[in-house]
1. Looking for something touching a residue at least 12 places away in the same chain (Cβ under 8 Å), under 13 Å from the mean Cα position of the chain (by Cα) and within 16 Å of DNA strand D (Cβ to nearest atom) - is there at least one such residue anywhere in segment B:105-113?
2. May I ask you to say which residue of A:A15, A:A3, A:A9 is surrounded by fewer than 16 Cβ atoms within 10 Å (Cβ to Cβ), more than 14 Å from chain B (Cβ to nearest Cβ), away from DNA strand C (no atom under 16 Å from the Cβ) and at pLDDT below 95?
3. Please tell me if B:T103 is in contact with a His (Cβ under 7 Å, 6 or more places away or on another chain) and either over 19 Å from A:R134 (Cβ atoms) or of a type in the set (D, E) (or both).
4. Is segment B:134-145 home to any residue that is surrounded by 13 or more Cβ atoms within 10 Å (Cβ to Cβ), small (G, A, S) and more than 8 Å from chain A (Cβ to nearest Cβ)?
5. Out of the residues in segment B:62-91 meeting the condition of being farther than 30 Å from A:L64 by Cα and near DNA strand C (Cβ under 8 Å from one of its atoms), tell me which one is surrounded by the fewest Cβ atoms within 10 Å (Cβ to Cβ).
6. With the structure loaded, tell me whether B:V44 is away from DNA strand C (no atom under 11 Å from the Cβ) and in a helix (DSSP H, G or I) or whether it fails that test.
7. Of everything in segment B:65-81 that's more than 11 Å from DNA strand D (Cβ to nearest atom) and either in contact with a Pro (Cβ under 9 Å, 6 or more places away or on another chain) or more than 8 Å from chain A (Cβ to nearest Cβ) (or both), which residue is farthest from B:P91 (Cα to Cα)?
8. Can you spot a residue in segment A:41-63 that is in contact with a strand residue (DSSP E or B) (Cβ under 9 Å, 6 or more places away or on another chain) and within 11 Å of chain B (Cβ to nearest Cβ)?
Number of protein chains: 2
Amino acid sequence: MPAIENSDALSQRLADSGLRSTPQREVVYDVLLKKRDHPTADEVYARVRSELPSISLATVYNCLETLVQCDLVRAVNFERGPTRYCPNLRPHAHFHDEQTGKTHDIDLPPDLLEKVNSILPRGYNSSSVEIIFRGKAAKTVASIE
Amino acid sequence: MPAIENSDALSQRLADSGLRSTPQREVVYDVLLKKRDHPTADEVYARVRSELPSISLATVYNCLETLVQCDLVRAVNFERGPTRYCPNLRPHAHFHDEQTGKTHDIDLPPDLLEKVNSILPRGYNSSSVEIIFRGKAAKTVASIE
DNA sequence: AATTCGTTTAGAACAATTCTAATTCCCGCT
DNA sequence: AGCGGGAATTAGAATTGTTCTAAACGAATT
């Protein structure tokens, strides 16, 4: 696992952005790292509460937003519905299983992003690409959910 | 322009699904065809009203949903915020200009979808792929918005 | 003309998120 | 230690986008 993906990285990144490390931010980030099933803010709230019962939902939203700003977490929106959060920083696509509702990370080979970017006509300057598959995954597929 | 992208196609597709052609559905579809700037339901509502002043917002939502069901229109969700609607049926990606907020369609070369699909590990069965670019488009880029 | 069923409608309800204003917390300074 | 100031958290209200509900409408069918 890359060194960046642990809690020490958090205070580092926060400091870099002139922000403070707080218990709320740490627990929110820990929760995302611990169960990488692309939870919604509400789901994060529920999980964080078992550790920090007095945290408020607004703070969970604030913390998630902060983590996204610091590039430690990606916010993902397939379809209408709540935003989901993903601490996987490697370039990856999302596979959305329409049967189970679960979302799987699919690592992207380095050359693919190039190839995808190459379809952009002149004048388009892309800073990021998102790829979302929809379909059905075999039961046997190993996954972090 | 492909024959499917006109209003006659609408009653055809509706009939195929056992649905009726109505003035509301026609105007909603016309509005989407006429100005392809990926409008939200509210924006569609505003445009339709100039032609059909008594239509209700609920009906606009209903019609849009119907058109999506008939595969005449794609619903698109980048980021949180309202769903946007797109009558472009060709395989295409979306380029979201972060400066202007405008969304541009980018046609996909036939081999790209193959290439993209090929990164899926065994066991993943994709029924559709969505590709979203974010970035900045040069002012000079020609576009239907 | 009565029946039926799909469609439209207004408004209420709902879900997700953001805003507001008050409080609390932490840090550096005296 | 005590104080001032900015950052962070908080509860709850407000907002936004969408869906639901129940009534009314309308076109086709008996």
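The values are calculated or read from the model by the stated rules, or taken from the named source; none is laboratory data. Keep in mind that this is a model prediction, so the values were computed, not measured. FYI the Cβ positions are ideal-geometry reconstructions off the backbone, even for glycines, and counts take in every protein chain you see.
1. Within segment B:105-113 (the criterion being touching a residue at least 12 places away in the same chain (Cβ under 8 Å), under 13 Å from the mean Cα position of the chain (by Cα) and within 16 Å of DNA strand D (Cβ to nearest atom)), the answer is no, since none of the residues qualifies.
2. Of the residues listed, the single one that is surrounded by fewer than 16 Cβ atoms within 10 Å (Cβ to Cβ), more than 14 Å from chain B (Cβ to nearest Cβ), away from DNA strand C (no atom under 16 Å from the Cβ) and at pLDDT below 95 is A:A3.
3. Details: in contact with a His (Cβ under 7 Å, 6 or more places away or on another chain): yes; either over 19 Å from A:R134 (Cβ atoms) or of a type in the set (D, E) (or both): yes.
Yes, satisfied.
4. Within segment B:134-145 (the criterion being surrounded by 13 or more Cβ atoms within 10 Å (Cβ to Cβ), small (G, A, S) and more than 8 Å from chain A (Cβ to nearest Cβ)), the answer is yes, since at least one residue qualifies.
5. Start the filter on segment B:62-91 by keeping residues that are farther than 30 Å from A:L64 by Cα, which leaves B:62-73, B:86-91.
Next, only the ones that are near DNA strand C (Cβ under 8 Å from one of its atoms) stay: B:62-63, B:66.
On the way: B:N62: 14, B:C63: 24, B:T66: 22.
Among those residues, the one meeting the criterion is B:N62.
6. Values: away from DNA strand C (no atom under 11 Å from the Cβ): yes; in a helix (DSSP H, G or I): yes.
So B:V44 passes the test.
7. So, considering only residues that are more than 11 Å from DNA strand D (Cβ to nearest atom) and either in contact with a Pro (Cβ under 9 Å, 6 or more places away or on another chain) or more than 8 Å from chain A (Cβ to nearest Cβ) (or both), the one farthest from B:P91 (Cα to Cα) is B:T66.
8. To start, the set of residues in segment A:41-63 that are in contact with a strand residue (DSSP E or B) (Cβ under 9 Å, 6 or more places away or on another chain) comprises A:41, A:43-44.
Checking which are within 11 Å of chain B (Cβ to nearest Cβ) leaves us with A:41.
There is at least one residue in segment A:41-63 that is in contact with a strand residue (DSSP E or B) (Cβ under 9 Å, 6 or more places away or on another chain) and within 11 Å of chain B (Cβ to nearest Cβ).
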